[in-house]
Each structure stands twice: as C-alpha cells, then as structure tokens.
Amino acid sequence: MSFAISAEFIAAENRKQEAALAEDYAALARQLERRGISAEAMTARAMSFAVAVPTWGVGTGGTRFARFPGPGEPRNIHDKLEDCGVINQLTRATPNVSPHFPWDKVSDYNALRQEAASHALGFDAVNSNSFQDQKGQRLSYKFGSLAHADRAIREQAVEHNLECIAIGRQLGSAALTVWIADGANFAGQSNLNAAFDRYIESLKLIYEALPRDWMVFLEHKLYEPAFYSTVISDWGSSLMAALELGPKARCLVDLGHHAPNTNIEQIVARLIRARKLAGFHFNDSKYGDDDLDSGSVDPFRLFLVFNELVDAELRKAEGFAPAYMIDQSHNVTDPIESLMASAMEIQRAFIQASLIDRESLTAAQDASDAMLGHRLVKQAFITDVSPILAESRRRKGGAIDPIGLYRASGYRARKTAERPPVEGTAAGIV
C-alpha cells in the first residue's frame, strides 16, 4: 500500500508547536491592532488564498548541461498527483494542479479527475507543448511550431492545442496556457513580422475552438531557446496578440521572462488597466529565466507585484481575476520542499501587501510625499506575518511547519522505496 501522511500525524506534530504559535500570534495581533488591522481578518484572508502547482514541478529539473535525477521522483502523472496532494495537505494553499500535455497523457481523463479529487486536488489551466518533439511525432518543431514557415507544421501544432482543450474540458479546467519556443538564433533566419503574423493566424484557430467559458493565456519569454529573436518576447508582443484575438485571450506574466532590471510590477499594473492580465507563473531569478524558488532571491519584488494585485482587488478593477501558479525547476532541493516553501512565500507576499494602509498611501501620493509613501509600503513588507500564515494552515488542518513535518514523516524515503527509477521518467523540466 502506498505511504501517505496521516491527519493524526499532522495533528500530533502540530500539538508540539501550538503553544509557541499561540504566543507569537497574540503578539502579532497586538502589534497589528495598534495599526488598526485585524489579525483575524488577515488570517481569514490567508485561508482563502490559493496558488496552483505544476505537475512537472514535483520532478527533479535540470540545466542546459545536465539533469541529476532525485530519489523517489515521480515516474508518471499518478505519482505527480500524489506528491502535489502532499504539498496541499501540509500548506493548505495549493488545491489545484496545472497539467502539461503530452507529458501527462492518460487513456481515461475522467478517472484521472477522480484520482486527483482523492488527493483533494482539482485542475487548473492545461499547458500545451509544441516546443519539444515527442515520440512518434510526424513533423519536427526544431525551427518552430505555431509560427513556423511550413503550414503543415503550424497545423500540427494547432491540432495539439485543440487536443489539450478537449482534455482540459474532461478534467474540469477552464484555461489553456500557450508558450512557444519559436524564434531565430541568427539575423536573417526569419522574417520578424511574418513570424508574428503566422503566430496570430495559428492562435486564431485555437481561440475559435475555446469553449464559451474558457480563456487562453499567452506566455511570453525574452529569450531561450531563440537567442536572437523570440516571436512572443515581451509583454508588448503578448498584449498585441491578446488584443487582436479578443476578450478570451489574456497575457500571462512569468517573473523570470523579462530583461534584467525590468519593472515587472509596472507591467502588471498596465495589464490590469488594459483588462488583459491572465495571471502568473511565480518563480524567482538572479540573471534571467532561472526558475528559482519564489521569494528566494528578491522577495521585495514579489511583494511589490502583490501590492499592485491587492490594489486592483480592493478597488474592484474591471476584469480582474488573475490565475496564480508556481513554475519552477528544482535542481538541488527536494521539489516538494521547494514548492511548499514557494507557496508560503507567495502567500506571505499577499498578506504583507494586504497590510498596507491604502488610505494613507493615497494621501501621501496625492501630496507627493515620497518618503511617507515609501515608508507605508516598506512597513508592510518588513512585518513578519509568519504567525498568521501558520495559524491559517493549522485551522485548515495543515501543518504549522510544513517542511519540518514533511521531513519528520519520512515521505521522501518511503517514496524512494516505492518508486524504483525508470528510464525516461516523466519528471521535471530540463
């Protein structure tokens, strides 16, 4: 029988820390009360927050040079759902998973949906893959897919996306995420405008096939693997495409898909204004598309992104309904630990941004009081909301200390014994 962490084990581990948590929570509540903020309201807010995890994220990732398989990594979608279930079980913040096809293909998707439900999971946006050649594939994507010069290759890529929509409908999803690697490594390799036109032509066919209540999320990326020119390289290109396609097309923001020093929170603000923000692939970066754990390098940037998101929520910005997902590659850590840590850091940024005194901030901005405005924002960022996050997990049946409990459970060792490594394992992204 497959090993699982029991509710009794979680409760027993929590009891060891409940007294300390109660003390820390009471101290934070008193501090916030002096600022006119209810700790209980913030706890309820934390309990309502959710971010999806990618099925590929629970596998060991890699670099352009190598991939070092991890012990007990998932061999298939069934193992992935098991690991994703543990992440939500302990953090109570990741109730949905985002699958990737054809990596996660099965013969019976109704059964897969029921299997996910047995782990208390639902399905978020489905992701297509026309950036790799798959076994038995008739035509190659080496030089592109949806924007390829060859119509037959474009048609093959469109057909794959239509298949993903059909699968997603069976899983209960309501969105398709499209990222392509199309572009050029050499000047003169492709006509820059013609490639963009072909992308739009292909996306229109996919857009027309969307169910009435579905969205298509357009994902841009500055570079890699197309180093000279990427067809959808920035938020401007993504926005142009989304505007041309129609109201069901929106722009996805991956925090690592931008040039260094880009003001990502300003891009978020602009997309909110244009009613074209699809949502996020959360991660962190130092140099480029590093796919590091969220909040591990620049937590202030993550917080500033949520400052814009909370602002839009509170003022009820038209069309504001962002989808949140983690998108990371774990090369030197246990993927489950990294995803739990990231989920908590994303939730932390959300609650910290919720602490900002919006009325005072607006007054400072209207008075051009630069220092006061900055201090009001910084005050929220430096507030340690860990007791609120831990209490929200405890109340929902999760772990006060998810990573500590996970390690104490021996889950990874048990899965290593249950999952002998196999060649071609369906693990993380290289």
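Do the conditions hold for Leu146, that is, is it surrounded by 22 or more Cβ atoms within 10 Å (Cβ to Cβ), among the hydrophobic types (A, V, I, L, M, F, W, C), in a strand (DSSP E or B) and at pLDDT 95 or above? No, not satisfied.
For the stretch 379-408, taking the residues that are touching a Phe, Trp or Tyr at 6+ places or on another chain (Cβ under 9 Å) and over 20 Å from Pro95 (Cβ atoms), the one that is least open to solvent (accessible area, probe 1.4 Å) is identified as Ala380. Might you let me know whether the stretch 357-367 holds any residue that is open to solvent by 40 Å² or more (accessible area, probe 1.4 Å), in a helix (DSSP H, G or I), over 16 Å from Arg45 (Cα atoms) and among the hydroxyl-bearing types (Ser, Thr, Tyr)? Yes - at least one qualifying residue is present in the stretch 357-367. Checking each residue in the stretch 187-199 for being under 30 Å from the mean Cα position of the chain (by Cα) and crowded, with 16+ Cβ neighbours inside 10 Å picks out Ala195, Phe196, Arg198, Tyr199.
When we screen Arg75, Arg92 for residues that are surrounded by fewer than 24 Cβ atoms within 10 Å (Cβ to Cβ) and either touching a helix residue (DSSP H, G or I) at 6+ places or on another chain (Cβ under 6 Å) or of a type in the set (D, E, K, R) (or both), the only hit is Arg75. Checking Leu302, Leu243 one by one, the residue that is in contact with a Gly (Cβ under 8 Å, 6 or more places away or on another chain) and assigned to a helix (DSSP H, G or I) is Leu302 and no other.
Each residue in the stretch 257-284 was checked for being open to solvent by less than 20 Å² (accessible area, probe 1.4 Å), part of a loop (DSSP other than H, G, I, E, B) and in contact with a Gly (Cβ under 7 Å, 6 or more places away or on another chain), and 1 pass. Based on this model, can you work out whether Trp214 counts as of a type in the set (Phe, Trp, Tyr) and either open to solvent by 70 Å² or more (accessible area, probe 1.4 Å) or at positive phi (or both)? Here the answer is no, as Trp214 does not meet what is asked. Screening the stretch 149-186 for residues that are hydrophobic (A, V, I, L, M, F, W, C) and in a loop (DSSP other than H, G, I, E, B) and picking the one that is most open to solvent (accessible area, probe 1.4 Å) gives Phe186. Could you look through the stretch 38-72, keep only residues that are small (Gly, Ala, Ser), more than 16 Å from Glu391 (Cα to Cα) and open to solvent by less than 10 Å² (accessible area, probe 1.4 Å), and pick out the one that is modelled with the lowest pLDDT? Filtering the stretch 38-72 for residues that are small (Gly, Ala, Ser), more than 16 Å from Glu391 (Cα to Cα) and open to solvent by less than 10 Å² (accessible area, probe 1.4 Å), the one modelled with the lowest pLDDT comes out as Gly61. Just one of the listed residues (Lys221, Lys204) is under 18 Å from Ala278 (Cα atoms), in contact (Cβ under 8 Å) with a residue 12 or more places away in the chain and open to solvent by 70 Å² or more (accessible area, probe 1.4 Å), namely Lys204. Restricting to the stretch 368-378, and then to whatever is of a type in the set (A, V, I, L, M) and open to solvent by less than 40 Å² (accessible area, probe 1.4 Å), can you tell me which residue is farthest from the chain's Cα centre (by Cα)? Only one residue fits best here, namely Leu376.
The values are calculated or read from the model by the stated rules, or taken from the named source; none is laboratory data. Model, not experiment: these values are computed from the prediction. Methodologically, a virtual Cβ is constructed for each residue, glycine included, from the backbone with ideal geometry; neighbour enumeration extends over all protein chains shown. SASA here: full protein model, heavy atoms, side chains in, ligands and nucleic acids out. Shrake-Rupley method; radii C 1.70, N 1.55, O 1.52, S 1.80 Å.
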